[in-house]
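What follows is a single structure, written as structure tokens, with notes after it.
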Amino acid sequence: MKITFLGTGTSQGIPIIGSNHPVCLSNNSKDQRLRSSILIEKNTKILLIDCSPDFRYQMIQNNQKNIDAVLITHEHYDHIGGLEDLRPMNYFYDKNGTLMMKFIPIYGLVRVLDNLKKRYSYIFSSDQKKTNIIKISLNKLTENNYPFSILNINIYPLIIYHDHIPILGFRINNFAYITDASYIPSYTINQLQGLDILVINILRQKIHSYSFAIKETLNIIQMISSKKTFLTHISHLVGFHDKIQKKLPRNVYLAYDGLKITIK
Ligand SMILES: [Zn+2]
């Protein structure tokens, strides 16, 4: 299974438009972060987790051409803003060279899908035969923690909290992806045992400083004891990539845009 980090930034990305913060002005490409999203390639199938407003650019930059299904963690703009740019992936050629059309399946919590229907009402109310409208199908996930299967890939939804709202993380084999968590319930911590790779955001509740938030996240990481951990959804306020990386414990890394990792 191959993971590509398409983006590792917080909701505004780095640099923030017009910002004079030193991290926003950094020339190090690892300090430039598009909105958070990953690609998972397994047995020729390609899953996308979250479809950021930077999705089109991320696909071109990483020379990716196809998406088979999309998992959505939650409905905030930085996680769904690029959905319409899935449109080129509605079309493909079959083995006879005939142009075919497919719907892209989107998976998310009922609340999240209802939100998409409101936000993109014209997609669902319009005549789906029109060629210039994206074709997506919505597939409900529940908060019951039961594993589900997409494209023959078994996925465990993980309930985490983004402030007060429940959102999803996902576990596939010994890999898990968690973003935007401010709190992880103990039953989810239990589901995260035995990981080879954990991807997690820097947990941050309202008034915390980032140094406190990093400390708090490292405590959680210790409870999960994954072999390796990559931090994502990173704000410019965290600091310079190279400087922060040096302060992190062994086997904990700041992810960066374009990073690829392979796992069993
Ligand atoms: Zn976010």
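The values are calculated or read from the model by the stated rules, or taken from the named source; none is laboratory data. Treat the numbers as computed from the prediction; the structure is a model and nothing was measured. Positions of Cβ are generated from backbone atoms using ideal geometry, with glycine treated the same way; all protein chains shown enter the neighbour counts. Heavy atoms of the whole protein, side chains included, go into the accessibility calculation; ligands, DNA and RNA do not. Shrake-Rupley method; radii C 1.70, N 1.55, O 1.52, S 1.80 Å.
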Choice from Gln222, Gln64, Gln12 with maximal GNM fluctuation in the chain (Cα, 10 Å cutoff): Gln222
Among Ile234, Ile184, Val252 - extreme Cα towards positive end, dipole of segment 170-264, charges at beta-carbon: Val252
Other-chain or far-sequence residues with amide H under 5 Å of Leu158's (modelled H): Gly169, Phe170, Arg171
Contour minus Cα-Cα distance for Ser125 and Lys65 (0.36 nm per residue): 18.8 nm
For segment 1-149, share of DSSP beta bridges that run antiparallel, in % to the nearest 5: 55
Segment 228-264-segment 142-172 distance, computed between alpha-carbon centres (Å): 23
Fluctuation leader among Pro105, Pro166, Pro185 - the chain, Gaussian network, Cα springs under 10 angstrom: Pro185
Reach of Lys140 by Cα under 21 Å, taken over lysines that are not fewer than 8 positions away in the same chain: Lys45, Lys102, Lys117, Lys118
Cα shape, segment 157-261, gyration tensor, a/c 1.5 rule: oblate
Residue-count net charge about Thr229 - beta-carbon cut-off 15 Å; Lys, Arg +1, Asp, Glu -1: +4
Apportionment of accessible area to carbon and sulfur, the chain, percent (1.4 Å): 52
Highest-fluctuation residue, Ile40, Ile14, Ile153 considered, GNM on the chain with Cα pairs under 10 Å: Ile153
Where segment 191-264 is the region considered: accessible area per residue in Å², 1.4 Å probe: 53
For Asp54, residues with placed amide H under 5 Å, excluding near neighbours: Arg35
Hypothetical label at Asp242: residues of segment 1-27 whose amide nitrogen lies under 16 Å (7 Å Cα-Cβ projection): 22-27
Of all DSSP beta bridges in the chain, antiparallel share, percent nearest 5: 55
Approximate spin-label separation Asn28-Thr142, in nm, with each point projected 7 Å along Cα-to-Cβ: 4.7
